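Notes follow once the structure below has been shown.
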Amino acid sequence: MENSFNFIIRANEYLDNIKSTDDKIQIESHILELSDMKKEMERRGFKNPNISFSNLNLDLDISQEESADLKKQLSVLKYYEYIKRITLLRVKIALSSFLILRKLRELDPEIIPHLPIDGNHISRIIKSGKYGLNAFTRMNTLLSGKDMPQYLIAKVEYEENGKRIHKSIRVIKKDNLEERIKKDFGKNARVIKTRIVKQPGLITSDSARISIILSFVSKASQEVKQIMNEQEQGKIREYNELLRKNKLIPDSRLDLVEGFENVKSELIERNFLVQTEEELTMDEELKSQITKRNSLGNLLTEKKAIRDLLLTIYKFYILNSKTQRQENNLLPTLTIEPEESHLEVFNILEHGENKIENATKILKQKLEYENLIPRMDPKIFGASFFVYKSNNMDWGIKFFNISNEDLTAGINEIKLVLEKGRGKEFLEAVRDADS
């Protein structure tokens with residue numbers, strides 16, 4: 001059997017040779033190969049290396065030379081274990097990227113070149129520049145569940161038809177728990193044990209989340225860089241042209257970094273930098289412009305990347321039923337039934353350019369009542385419900401790419417159900433939510 005070291009080399013060579021593609025056969029071939037690699041790595045223990053070095057006692061009765069050699073060997077082993085973990089992560093990110101590519105190749109073809117299909121997320125972050133790094137960090141926190149609330153899982157024992165039943169339930173409110181358990185499960189019901197659980201984020205898999213966030217950050221960063229370049233004029237343009245000529249990142253503060261002495265000399269000659277006996281400083285006007293441009297670039301990249309990704313997920317939830325989401329999810333480990341705490345992230349869509357009024361409220365109601373008219377195409381129902389609640393036909397046609405005729409027919413059918421009384425509870429719920 002191939003040893004793990006050679007397996008790591010082969011895996012990285014395979015990843016290095018992956019090329020961007022939208023060919024369905026190639027995509028499926030990569031998914032199969034990467035899935036096999038992932039399974040084999042996990043079987044070999046790459047995920048949780050079983051060698052621990054932290055508690056080893058090196059105060060042995062051995063010579064100084066032997067001790068130094070032992071420490072060197074341990075250092076090599078530590079690096080080896082690190083390579084195992086990082087290679088597995090790279091394979092997972094590549095696999096997630098191809099699974100996303102399989103779904104988005106037709107829905108959003110512009111995102112294809114930005115997916116980290118080779119699994120090298122570090123390289124992708126670096127290429128996205130300083131704007132991209134800040135946006136990636138913010139988005140990962142937003143979608144990872146780091147800020148999600150905790151909840152209580154209670155294991156309950158109760159009697160049913162003379163038998164003792166154990167059931168685990170999720171508890172939102174901890175107040176008067178025993179009383180509520182007896183009310184719901186009978187007077188002999190009792191709580192056996194409880195545990196605190198942190199609610200997972202909207203996208204639970206680290207590799208899937210990294211893949212999709214990086215693709216949208218990369219795309220947004222590229223577009224924002226173009227905008228920022230076009231806005232350059234006067235002193236900042238001259239300064240950045242000199243940085244680009246020396247293959248340095250535009251809008252960088254060279255007065256704050258070590259090295260690049262030849263570039264600094266030219267900047268001093270052109271009065272962009274000022275050298276005194278004590279320190280190297282930057283022209284105040286130029287410093288102010290760079291600070292403002294960096295703040296603007298970070299803000300634009302973050303807002304665009306977050307908004308574009310959330311719009312993609314929002315559209316998926318609106319247009320697909322629960323069954324469709326289960327059978328053909330948009331992203332690996334995207335939550336099928338988002339809860340209220342998940343939906344809060346869509347508040348972002350209610351602000352800025354092309355905002356969606358009441359975006360979160362409309363999505364919440366659609367998810368609650370998406371089975372109102374079972375015979376209706378879920379796509380037509382979702383889009384029609386959105387337009388019905390937002391009262392914005394033009395936006396609905398453009399956003400969902402559905403004709404005015406189909407949307408009008410869908411809205412009329414929704415109204416008909418409500419007016420006939422079959423949707424009375426639904427109508428009351430919608431009205432209550434709007435009040």
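The values are calculated or read from the model by the stated rules, or taken from the named source; none is laboratory data. These figures come from a predicted structure and were not determined experimentally. Backbone-built Cβ (ideal geometry, glycine too); neighbour counts: all protein chains shown.
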Original post:
Given the structure, is Phe381 in contact with a Lys or Arg (Cβ under 9 Å, 6 or more places away or on another chain), closer than 20 Å to Asn354 by Cα and in contact (Cβ under 8 Å) with a residue 12 or more places away in the chain?
Top reply: no
**OP:** Could you list all residues from segment 9-34 that are of a type outside the set (Gly, Ala, Ser), surrounded by fewer than 17 Cβ atoms within 10 Å (Cβ to Cβ) and outside any helix (DSSP H, G or I)?
**Re:** Asn17, Lys19, Thr21, Asp22, Asp23
Original post:
Would you pick out the residues in segment 342-354 that are under 21 Å from Gly396 (Cα atoms), assigned to a helix (DSSP H, G or I) and among the charged types (D, E, K, R)?
Top reply: Glu350
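Could we say that Lys146 is loosely packed, with under 12 Cβ neighbours inside 10 Å and either in contact with a Ser or Thr (Cβ under 9 Å, 6 or more places away or on another chain) or outside any helix (DSSP H, G or I) (or both) here?
It is true that Lys146 is loosely packed, with under 12 Cβ neighbours inside 10 Å and either in contact with a Ser or Thr (Cβ under 9 Å, 6 or more places away or on another chain) or outside any helix (DSSP H, G or I) (or both).
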Original post:
Name the helices (runs of 4 or more DSSP H) wholly within segment 372-424 that hold at least 3 residues that are under 23 Å from Leu349 (Cα atoms) and either in contact with a strand residue (DSSP E or B) (Cβ under 7 Å, 6 or more places away or on another chain) or at pLDDT 90 or above (or both)?
Top reply: 378-390, 393-400
Original post:
Checking Ser128 against (1) modelled with pLDDT under 90; (2) surrounded by fewer than 21 Cβ atoms within 10 Å (Cβ to Cβ), which test does it fail?
Top reply: (2)
Original post:
When only residues in segment 198-246 that are farther than 30 Å from Glu344 by Cα and among the acidic types (Asp, Glu) count, which is surrounded by the fewest Cβ atoms within 10 Å (Cβ to Cβ)?
Top reply: Glu230
Original post:
Is there a residue in segment 63-77 that is surrounded by 14 or more Cβ atoms within 10 Å (Cβ to Cβ), of a type in the set (A, V, I, L, M) and modelled with pLDDT of 90 or more?
Top reply: no
**OP:** Could you tell me which numbered condition Glu285 fails, if it satisfies all but one of (1) within 37 Å of the chain's Cα centre (by Cα); (2) in contact (Cβ under 8 Å) with a residue 40 or more places away in the chain?
**Re:** (1)
Subject >> Qualifying position, being within 24 Å of Ile122 (Cβ to Cβ), within 29 Å of the chain's Cα centre (by Cα), in the same structural domain as Ser128 (by TED's automatic domain parsing) and not charged (D, E, K, R), among Phe216, Phe260 >> reply: Phe216
Original post:
Is there a residue being touching a residue at least 60 places away in the same chain (Cβ under 8 Å), out of contact with any strand residue (DSSP E or B) (no Cβ under 9 Å at 6 or more places or on another chain) and surrounded by fewer than 18 Cβ atoms within 10 Å (Cβ to Cβ) anywhere in segment 185-196?
Top reply: no
Subject >> Of the criteria (1) surrounded by fewer than 19 Cβ atoms within 10 Å (Cβ to Cβ); (2) closer than 23 Å to Pro200 by Cα; (3) of a type in the set (S, T, N, Q), which one Asn371 fails >> reply: (2)
Original post:
Can you name every residue in segment 316-341 that is part of a helix (DSSP H, G or I), under 17 Å from the mean Cα position of the chain (by Cα) and crowded, with 19+ Cβ neighbours inside 10 Å?
Top reply: Phe316, Tyr317
Subject >> Residue check for Ile169: within 30 Å of Asn329 (Cα to Cα), in contact (Cβ under 8 Å) with a residue 60 or more places away in the chain and outside the structural domain of Ile93 (by TED's automatic domain parsing) >> reply: no
Original post:
If you take the residues of segment 247-273 that are of a type in the set (Val, Ile, Thr) and farther than 23 Å from Tyr131 by Cα, which of them is surrounded by the most Cβ atoms within 10 Å (Cβ to Cβ)?
Top reply: Val263
